[in-house]
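S.K.: Structure incoming, see below.
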Protein chains: 2
Amino acid sequence: MDSKFVIEKGIPFAGRTEVKVLELEPGYVKMMMPLQPNLNHVGTMYAGALFTLAELPGGAIFLSTFDASQFYPLVKGMEIKFLKPAATDITVEVRLDPDEAAKIRETANDVGKADYDWDCELKDANGQVVAVSSNRYQLRRMKPSGA
Amino acid sequence: MDSKFVIEKGIPFAGRTEVKVLELEPGYVKMMMPLQPNLNHVGTMYAGALFTLAELPGGAIFLSTFDASQFYPLVKGMEIKFLKPAATDITVEVRLDPDEAAKIRETANDVGKADYDWDCELKDANGQVVAVSSNRYQLRRMKPSGA
C-alpha cells in the first residue's frame, strides 16, 4: 500500500474526515482537511478535525522518512491553540530536517527510543493561521523478534 | 432537541465517532468514546478520538449549565498528554463547580466574555488514566440583535 493511502484511509477515524495528503516526500508533508464533512454547530471546522490535521503529519513524516520495518512512532502529547474560526478547507505543512531525522534515527537505533517535536501552523484558504500546535513524538525501535 | 442528542449527533464529526453521553446535569457530564469505531493502525484508540472525548465535555457542560439563548462557548486551546495505549472504551468525567459557573456567567454578562478552564482525565475500563488534558474555553455573551 502506498503511504498516502495508509495516511488517508489506514485509520478509519481519519478516513471519515476525508483528509487528503497533497504532497509527501522524505522530511516533508502537506495535508488538507476539507471543511464540509467536518463542520461544527456554527458552520466552521470542528476542533477535533483541526487537531487531527495537526496530528496526522506525525504518521506521514514517519512513513516517508523512517524505515517502518525497524521503527514505529508514538504521539506523546500535543498542545493546540485555536486562533481564528476555520471557515474554509484547512492545510498544514510539516518539514523535518534531514540532519535532525538522522539524529532521531541514530538515537532510536542506539537506545531504543528518541523523542522529537515540531510546531506547526494550520492555515485557511486565504493563508490566515487559524490554529497552531506543538507536537511531541517518540520514535521506537522494534524489538528483535523473539526478544 | 435534548442536550445529549445535540452533543452526540449535532456535530457530524462527533457523531461518526459514536461517542455517548452517559450522564449529563448542570455542572457535570460523563461521556464514553467506544474503541471499535476509533481504532488506529495498531489496535488502540486513535489520538484524535481521545482528543475529541476530552474536548466535547466543553459543549456538554455549556448546554447543561449555561443559557444557550444568551451565551455561546469557544474552545481557545487544549493540551493533551497520551500516557498509555487506550485499549478499551474510554470515559471522561468533568465537573464545573456551581460557584465557579456563576462567576463565569456573571463575568460574561458584565464584560461580554469570560475565560475558564479545567483539567480532565481519560480512563480505560480498568480505571487506568490513559491521557490527561488541560482545556481552555471562553463563554461569550450573544450580541443584542441589531448590534
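A short reminder: the numbers here are calculations on the coordinates, not readings from a lab. Bear in mind the structure is a predicted one, so any value in this text is a computation, not a measurement. So basically every Cβ, Gly included, is an ideal-geometry build from the backbone, and we count neighbours across all protein chains shown.
S.K.: If R0 is 30 Å, what FRET efficiency do you get for B:GLU23 and A:LYS81 from their C-beta distance, rounded to 0.05?
M.R.: 0.50
S.K.: Next question. Give me the net charge of B:ALA108's neighbourhood, meaning all other residues with Cβ under 13 Å from the Cβ of B:ALA108; Lys, Arg count +1, Asp, Glu -1.
M.R.: +1
S.K.: If you don't mind, another one. Suppose a student asked you for the relative contact order of the stretch A:1-63, using Cα pairs under 8 Å spaced at least 6 residues apart; what percent would you report?
M.R.: 31
S.K.: Here is a follow-up. I want the local charge near A:THR65. Using Cβ-Cβ distances under 11 Å, sum +1 for each Lys or Arg and -1 for each Asp or Glu among the other residues.
M.R.: -2
S.K.: Excluding B:GLU79 itself, calculate the net charge of residues whose Cβ lies under 14 Å from the Cβ of B:GLU79, where each Lys or Arg counts +1 and each Asp or Glu counts -1.
M.R.: Result for the local shell: -2.
S.K.: Provide the gained length on full extension for the span B:GLU100 to B:LYS9, in nm with one decimal, where the gain is 0.36 nm per separating residue minus the Cα-Cα distance.
M.R.: Between B:GLU100 and B:LYS9, full extension yields 29.9 nm more.
S.K.: If you don't mind, there's one more thing I want to ask. Using only Cα atoms, find the angle between the long axis of helix B:98-111 and the longest principal axis of chain B, and express it within 0 to 90 degrees, rounded to the nearest 10.
M.R.: Rounded to the nearest ten degrees, it is 50.
S.K.: Could you grab the relative contact order for the stretch B:30-73? Cα pairs under 8 Å, six or more apart, rounded to a whole percent.
M.R.: Once normalised by length, the contact order is 31 percent.
S.K.: Continuing with the same structure: Restricted to Cα positions, what overall size does the stretch B:3-141 have along the principal axes? Three whole-Å values, descending.
M.R.: Here the Cα extents, ordered largest to smallest, are 49, 26, 22 Å.
S.K.: Could I ask something else about it? Got the relative contact order for the stretch A:3-141 handy, in percent, Cα pairs under 8 Å and 6 or more residues apart?
M.R.: 26
S.K.: Report D for the protein assembly as shown in µm² per second (integer): Stokes-Einstein, Kirkwood Rh on Cα pairs, 20 °C, 1.002 mPa s.
M.R.: 108
S.K.: The stretch A:69-141 to the stretch B:1-48: how many Å between their Cα centroids?
M.R.: What the calculation gives is 26 Å, centre to centre.
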